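What follows is a short report on a single structure.
Each reported figure results from applying straightforward, stated rules to the coordinates on display, with no laboratory input. On a predicted model such as this, the values are computed, not experimentally measured, just so you know.
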Amino acid sequence: MLEITDIYKSFGDFTAVDGADLTVDAGELVAVIGPNGAGKTTLFNLITGQLKPEDGKVVFMGEDITYLPPYEICRRGIARSFQIVNIFPRLSVFGNVQVAVISQQRASNRLFHPAQSIAVEETNGILESVGLLDKAWNTAGSLSHGDQRILEIAIALGNDPKLLILDEPTAGMSPEETVATMELVKRLAETRGLTILFCEHDMDVVFGIARSIMVMHQGRTLIQGKPEQVRKNDEVMKAYLGEE
C-alpha cells in the first residue's frame, strides 16, 4: 500500500531523514520506533505532504504522491493524528468529527442545508466506534487529555482513510489509558479494514500490537521486520531495548 524509498529531508545543516525506507502492506499495523530526534515525525510529515523531501519517493497504492499537497494526499486515502493534540477546542465533539466527514464528502458547498442535518448518521457512527457518542455535545476543549487524543483519531476517521497514521497516539496518557487506546486502535483496524502506521515509545505496546516494526536511527532505517526479528537484532537491543 505504501512504499517509501531513499527519502531525505534536511533543515539547514541538520539532516532529519537520511535515506529512510519503509514498506506498509495493506491490512498491517506497522510501528515506527526510535529515540527522540530519530526523524519519525519528520517522516510522517513527508508522507502526508506537510514537508517536501530533497530526494526520494513516496508511493501510495501505486501512485507517486511525493510532491502532492496535504489535501490531495488526504483525498487519496491517508489521514493522520498529530504528536500534539490538534482539534477545534471550541466546537462540540460532534462538530469536530462532522467537519471532517463533510469535507470528505465534498458537502461543504450545500449552502441551503443547515449544517446540523449533514452527515449526522456517519458522524454518530464514528463517535460510537471510538466510545465518544455519549460526549457528542460536550465542548471538545473540556474533554480529558485522553479523550482529546481519541477525538483526534475520530476526526481522522471522518476522512474515510485507507491508511491511518498515528503520531504518538498515547502521548501523555496513563498506563491504563495507553492500553485502552491501543486496544481501540487494534479494534478499528479489524472492524474498518484499516491499515495503520503509528509511532510509539512504549515498547510493550509496540511489540504487543505491531505486525511489522521499522526502527529509525539518526534519520536512517536501521531495520524493518517482524517483531521477533527486530527484538533479536543486536543493534536494536543495544540502542533501544536496553539489553546487552
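On alpha carbon coordinates alone, what is the Rg over Rh value for segment 44-197, Rh being the Kirkwood radius?
Answer for segment 44-197: 0.97.
Tell me, what is the percent relative contact order of the chain, built from C-alpha pairs under 8 Å that lie six or more residues apart?
The normalised contact order for the chain reaches 28 percent.
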